Amino acid sequence: MLMGFNTDIEHNGLHFHVQTEPRQDTTIDTTVYLRGAVIHKCKTSYKNMLGSPDFSEEALKHRLQEQHRQVIARIRSGEIKPAN
């Protein structure tokens, strides 16, 4: 069973928690928390990977890492931030 990723980052004096995990419904969910509240969600499908002869747990792990990194980059760029 593939586990997800959890990262705590600080940006502009705020502490964000980013959690990415695979779901049984063939989606990858990334959730951004700030002070325990959800401030952003990103959900993508990996269903298209399942039929591929190259599909493996390692390939799915790479896709999870990539989505996790992209969301962190969006926080650092200021694109994902708390609502005013």
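The values are calculated or read from the model by the stated rules, or taken from the named source; none is laboratory data. Just so it is clear, the structure is predicted and the values come from calculations on it, not from any experiment. Cβ coordinates were reconstructed from backbone atoms using ideal geometry, including for glycine residues, and neighbour counts include every protein chain displayed.
Miscellaneous remarks
A quick yes/no check of all residues on (1) more than 21 Å from LYS81 (Cα to Cα); (2) in contact with a Lys or Arg (Cβ under 9 Å, 6 or more places away or on another chain); (3) aromatic (Phe, Trp, Tyr):
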residue: ASP8; (1), (2), (3): no, no, no
residue: THR26; (1), (2), (3): yes, yes, no
residue: THR31; (1), (2), (3): no, yes, no
residue: ARG35; (1), (2), (3): no, no, no
residue: VAL38; (1), (2), (3): no, no, no
residue: SER45; (1), (2), (3): yes, no, no
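- Meets criteria (aromatic (Phe, Trp, Tyr) and in contact (Cβ under 8 Å) with a residue 40 or more places away in the chain) for PHE5: yes
- Members of segment 14-31 found to be among the polar types (S, T, N, Q), under 8 Å from the mean Cα position of the chain (by Cα) and under 19 Å from ASN48 (Cβ atoms), listed by number: THR20, THR30
- Residue in segment 30-76 that is surrounded by the fewest Cβ atoms within 10 Å (Cβ to Cβ), counting only those that are in a strand (DSSP E or B) and among the β-branched types (Val, Ile, Thr): VAL38
- Note on segment 1-29: among residues that are over 19 Å from ILE75 (Cα atoms) and of a type in the set (A, V, I, L, M), the one that is surrounded by the fewest Cβ atoms within 10 Å (Cβ to Cβ) is MET1.
- Test: residue in segment 67-75 that is modelled with pLDDT under 95 and not acidic (Asp, Glu): no
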